[in-house]
Amino acid sequence: MNRFAQLDRKFVWHPFTQMRDWLKREPIVISSGNGAVLRDFHGREYLDANSSIWTNLHGHNHPKINAAISRQLNKIAHNSALGFANEPASLLAQKLVESADEIYDLRSAIYELKDKPPRKPKIGKRKLEKVFFSDDGSTAMEVALKLAYEFTRRTRGQKLQPKFLSLDGAYHGDTIGAVSAGHIDLFHKAYAGLLFKTDKVMSPYCYRCPFNRAKPERADAREYRKCHWECVGLVKKKFSAQKKRGNPYAAFVFEPLMQGSAGMIPQPAGWLRQVTDIARGHGALLIADEVMTGFGRVNSKFKILNSKLPLFACQREDVQPDFLCLAKGLTGGYLPMAATLTTQKVFDVFLGEYSEFKTFFHGHSFTGNQLGASAALASLDILQSKQSSVARKKLEQALSDELKSLWPLPNVGDIRQVGLVTGIELVKDWRTREPFELRERAGIRVCEAMARRGVLTRPIGNVIVLMPPYCTTAEQTAKMVSALSDSIQNVLS
């Protein structure tokens, strides 16, 4: 065992990891990376099949991002945003606002999907115009929740105790506010005494929806579902019931198009538009958690317009959020940085004389960090190039083609792909949808077998995630899926 593995085992406590299991084996110690390839200290190579936990966009060791960080290092690495401005953070805020407003301005880019084209956007009141920087997805959500809470109290009445509605299975981060908005008992139940109460409504989980009358088929459950949008009806019922109590919801919190940590649960086309219209109709703010789905992960089905693709999932259904929460891919996977975008209307509620103390009393030591902002600017330049847009479209098609080879496997129940995000749900028998018990560690054992075949990813329970960097080649994509297929057969047969 190399020295760094020994040090890790002796001193490091890993996230979301049962450390007793961790200490039973030698950990993989990553020493370098290039493109979609990672290397460990023994010289073994692996494909990064989940983009280093959903963060890396363009591949490791990208020369343009490396150069941007190096240029900034020759100036300054960091100074406080408390009382000072800086060049890269100012430029990044402008770029993010422009990119977010393209959610509404690129409506002529009709996407190549089976559902109807989006409605004409209502540009104006809810354009995103202000950016609050923080450190990661949890803090981006924390900012949005605090702002929505206080905005509601200041506009509806200080005596209110604003409440939030989110989806069953939701995960929005690990800070206290973000955990409060989540509904995964395995992660959150232990902290119940620390949390404020939020309500939940069913997620549109077509594969396991009690309202879906369709028998299992060898296709994405969204394609053959038989229902009457009962899930949408329950959202409407929830909002109506809360309104009758005299305390309408302050905000509806959601991940657009695909719920990540819930198990890569995709929303059927049209669901998001319907439920956000209901929320708007009841006066609720919209908090869009695009920590995973942002920066081109899900929009490669659009036609390329003006040499680029739109960057955010909300565009796909013409949803205008009041808060857009970004992190993970913001810096291309290089440095921890996050942003919460909001409207001028929200911003104005916090304006006043110093003595009124209307200030948003919230902040972080590394807010607007220059190195992170420089990396993010370089990443956005890459993303908005035609070369990157074309590469993402090709990669999505290559991934879709390769995934078809998994359907003959009896332990593959559902394959859920939205853009460059894919979840493969493992079951005991696809005909019955019978799940594996979590204690059986089916997903973990399959991923361990994939690692032995040179492909690294991490499961969500019994759902295997494939989310490759945008630079992944067709050959590398084929190897990822082949390793998954072989591992499923080897472990579960």
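The values are calculated or read from the model by the stated rules, or taken from the named source; none is laboratory data. Predicted model, so just to flag it, every value in this text is computed and none were measured. A quick note on method: Cβ atoms are made from the backbone with ideal geometry, for glycine too, and the neighbour counts reach across all protein chains shown.
Restricted to the stretch 152-236, the set of helices (runs of 4 or more DSSP H) holding at least 1 residues that are over 30 Å from P410 (Cβ atoms) and without any contact (Cβ under 8 Å) to a residue 24 or more places away in the chain comprises 176-180, 185-188. Based on this model, can you work out whether P469 counts as surrounded by 23 or more Cβ atoms within 10 Å (Cβ to Cβ), in contact with a strand residue (DSSP E or B) (Cβ under 9 Å, 6 or more places away or on another chain) and not aliphatic (A, V, I, L, M)? The answer is yes for P469.
Reported count of residues in the stretch 287-306, each being at pLDDT 95 or above, aliphatic (A, V, I, L, M) and part of a strand (DSSP E or B), is 2. In the stretch 260-291, the qualifying residues are those that are in contact with a Lys or Arg (Cβ under 6 Å, 6 or more places away or on another chain), at negative phi and among the hydrophobic types (A, V, I, L, M, F, W, C), and the one that is surrounded by the fewest Cβ atoms within 10 Å (Cβ to Cβ) is I278.
The single condition among (1) part of a strand (DSSP E or B); (2) free of Cβ contacts under 8 Å to residues at least 12 places away in the same chain that Q94 does not meet is (1).
Would a scan of the stretch 11-18 turn up a residue that is assigned to a strand (DSSP E or B) and either in contact (Cβ under 8 Å) with a residue 24 or more places away in the chain or farther than 17 Å from M467 by Cβ (or both)?
Looking for residues that are assigned to a strand (DSSP E or B) and either in contact (Cβ under 8 Å) with a residue 24 or more places away in the chain or farther than 17 Å from M467 by Cβ (or both), one finds none in the stretch 11-18, hence no.
Reported count of residues in the stretch 199-218, each being surrounded by fewer than 18 Cβ atoms within 10 Å (Cβ to Cβ), within 24 Å of the chain's Cα centre (by Cα) and under 14 Å from R433 (Cα atoms), is 1. With the condition kept exactly as written, say whether any residue in the stretch 57-70 is in contact with a Lys or Arg (Cβ under 6 Å, 6 or more places away or on another chain), exposed (fewer than 14 other Cβ atoms within 10 Å of the Cβ) and outside any loop (DSSP other than H, G, I, E, B). Scanning the stretch 57-70, I find no residue that is in contact with a Lys or Arg (Cβ under 6 Å, 6 or more places away or on another chain), exposed (fewer than 14 other Cβ atoms within 10 Å of the Cβ) and outside any loop (DSSP other than H, G, I, E, B), so the answer is no.
Every residue, every condition in (1) within 24 Å of the chain's Cα centre (by Cα); (2) in the same structural domain as C471 (by TED's automatic domain parsing); (3) farther than 20 Å from G137 by Cα, yes or no:
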{"position": "Y334", "(1), (2), (3)": "yes, no, no"}
{"position": "A339", "(1), (2), (3)": "yes, no, no"}
{"position": "Q344", "(1), (2), (3)": "no, no, yes"}
{"position": "F360", "(1), (2), (3)": "no, no, no"}
{"position": "R392", "(1), (2), (3)": "yes, yes, yes"}
{"position": "V412", "(1), (2), (3)": "yes, yes, yes"}
{"position": "I424", "(1), (2), (3)": "yes, yes, yes"}
{"position": "P435", "(1), (2), (3)": "no, yes, yes"}
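Being free of Cβ contacts under 8 Å to residues at least 24 places away in the same chain and out of contact with any Cys (no Cβ under 7 Å at 6 or more places or on another chain) holds for only one residue in E425, E437, E396, and it is E437. In the stretch 307-332, the residue that is modelled with the lowest pLDDT out of those that are over 17 Å from the mean Cα position of the chain (by Cα) and under 18 Å from S389 (Cα atoms) is S307.
Could you grab me the full set of residues in the stretch 4-54 that are among the charged types (D, E, K, R), within 18 Å of T457 (Cβ to Cβ) and at pLDDT 95 or above?
Going through the stretch 4-54, the residues among the charged types (D, E, K, R) turn out to be 8-10, 20-21, 24-26, 39-40, 44-45, 48.
Now narrow it down to the ones that are within 18 Å of T457 (Cβ to Cβ): 21, 25, 39-40, 44-45, 48.
Within the stretch 4-54, R39, D40, R44, E45, D48 meet the criteria.
I'd like to know if the stretch 453-475 contains one or more residues that are at positive phi, touching a Pro at 6+ places or on another chain (Cβ under 9 Å), not polar (S, T, N, Q) and not in a strand (DSSP E or B). Yes: the stretch 453-475 contains one or more residues that are at positive phi, touching a Pro at 6+ places or on another chain (Cβ under 9 Å), not polar (S, T, N, Q) and not in a strand (DSSP E or B).
Tally time: how many residues in the stretch 440-461 are touching a residue at least 60 places away in the same chain (Cβ under 8 Å) and either touching a Cys at 6+ places or on another chain (Cβ under 9 Å) or surrounded by 23 or more Cβ atoms within 10 Å (Cβ to Cβ) (or both)? Total meeting the criteria: 5.
So which residues in the stretch 309-357 are of a type outside the set (D, E, K, R), in a loop (DSSP other than H, G, I, E, B) and without any contact (Cβ under 8 Å) to a residue 40 or more places away in the chain, if there are any at all?
L351, G352, F357
Screening G372, G368, G363 for residues that are small (G, A, S) and outside any loop (DSSP other than H, G, I, E, B) leaves exactly one candidate, G372. A single entry from L395, L438 fulfils the requirement of being of a type outside the set (D, E, K, R) and within 30 Å of G35 (Cβ to Cβ): L395.
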